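This report concerns only the one structure given below.
Read the figures in this text as sums done on the coordinates, not as results from a lab. The structure presented is a predicted model; accordingly, all values stated were derived computationally and were not measured. Here the Cβ positions follow ideal geometry from the backbone for every residue, glycine too, while neighbour counts run over all protein chains shown.
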Amino acid sequence: MFTYSLLPKEKKMSKALGWCLVCTCLLIPLVVADWNILKLSRNGFKISLKNYCESWRMNVELHNIRDFEVVPEECIEYIGKYMKSTQYKVDSERAIEECLVYLSTSCNLKKDGRDAWIFDIDDTLLSTVPYYKNNQYGGNKLNVTSLEQWMRKGKAPALDHSLKLFNELKSRGIQIILITARREHLRSATIDNLLNVGYYGWTRIFFRDTANEFVSVKKYKSDVRREVMNGGYRIWGILGDQYSSIEGIPSPRRTFKLPNPMYYVS
């Protein structure tokens, strides 16, 4: 039988060709998957993955990106770093400072027991970042059962900047109304959690019951605001981390939003 042996030079060329084929096979999926992010350019400027994810986060906060179920896979690391960063704290504290400026310059309080302010709870008064840290900072699709099991433990830490505003409002005689999308069966655990981290002295707290469990959060919170305002309260402001907490009719005089790119609630 005739056999053909490669010369040394041909062996080297064959080996090099083989490595080229291996590298090509490895790189093609990456190029196909990420061409729209890593290879994008606008007016001659290349857009990095950090640019892309920072823009994604900003457009979530601007309410241009809505109804997302998960953080894009390529942005999970970036969002995680942001939620642990000084920038997140500074962004949140700035929102609180603007609330305080508004209180001092634009609120003609009547001081008759009917001046009121509304807070959301999750990621407004209490942080769910410890939960989402174990769920890729929103990169995993929400599992309501898992989240509620975590909430029942009552271990959510306070957001210090929000606690500062909470206490300032109390000192000015403003009635504090808490409206949460948490369900009624979490009432006891949530109240204990709030008290344990320093929140106390609110006027009313609302949870979702079976009558409004299946309506949108935006409608539910709007309906509760209507009930509060029909009770004679003047709502000077709302602080929340979701647009569904601060939008809708009736409207307060001002709304303030805290940053939260981990999830979207409609």
Original post:
Where in the range 167-247 are there chymotrypsin sites (Phe, Trp or Tyr not before Pro) that are in a DSSP coil and have at most 14 other Cβ atoms within 10 angstrom of their Cβ?
Top reply: Tyr200, Phe214
Original post:
Taking amide hydrogens as modeled 1.01 Å from N in the peptide plane, which residues meet the under 5 Å criterion relative to Asp241, leaving out close sequence neighbours?
Top reply: Leu258
Subject >> Under-5 Å amide H pairs with Ile205, H placed in peptide plane, nonlocal only >> reply: Leu178
**OP:** Go through the range 168-245 and name the GluC sites (Glu not before Pro) that are in a DSSP coil and have 15 or fewer other Cβ atoms within 10 Å of their Cβ.
**Re:** Glu213
**OP:** Read phi for every residue in the range 70-75 and hand back ³J(HN,Hα) as whole Hz from Karplus 6.51 cos²θ - 1.76 cosθ + 1.60, θ = phi - 60°, with x for Gly and Pro.
**Re:** 9, 5, x, 3, 6, 10
Subject >> the range 47-257, relative contact order [Cα under 8 Å, separation at least 6], % >> reply: 23 percent
Original post:
When the Cα centres of the range 232-266 and the range 179-200 are compared, how far apart do they sit, in Å?
Top reply: 19 Å
**OP:** Among the listed pairs Lys111/Lys155; Lys111/Lys219; Lys81/Lys155; Lys133/Lys153; Lys50/Lys155, give every one whose C-alpha distance is greater than 27 Å.
**Re:** Lys111/Lys155; Lys111/Lys219; Lys50/Lys155
**OP:** First check a/c for the range 47-257, with a ≥ b ≥ c the square roots of the eigenvalues of its C-alpha gyration tensor; if it is under 1.5, answer rounded, and if not, answer prolate when a/b is larger than b/c or oblate otherwise.
**Re:** prolate
Subject >> Those GluC sites (Glu not before Pro) in the range 50-143 that DSSP places in a loop and that have at most 10 other beta carbons within 10 Å >> reply: Glu69
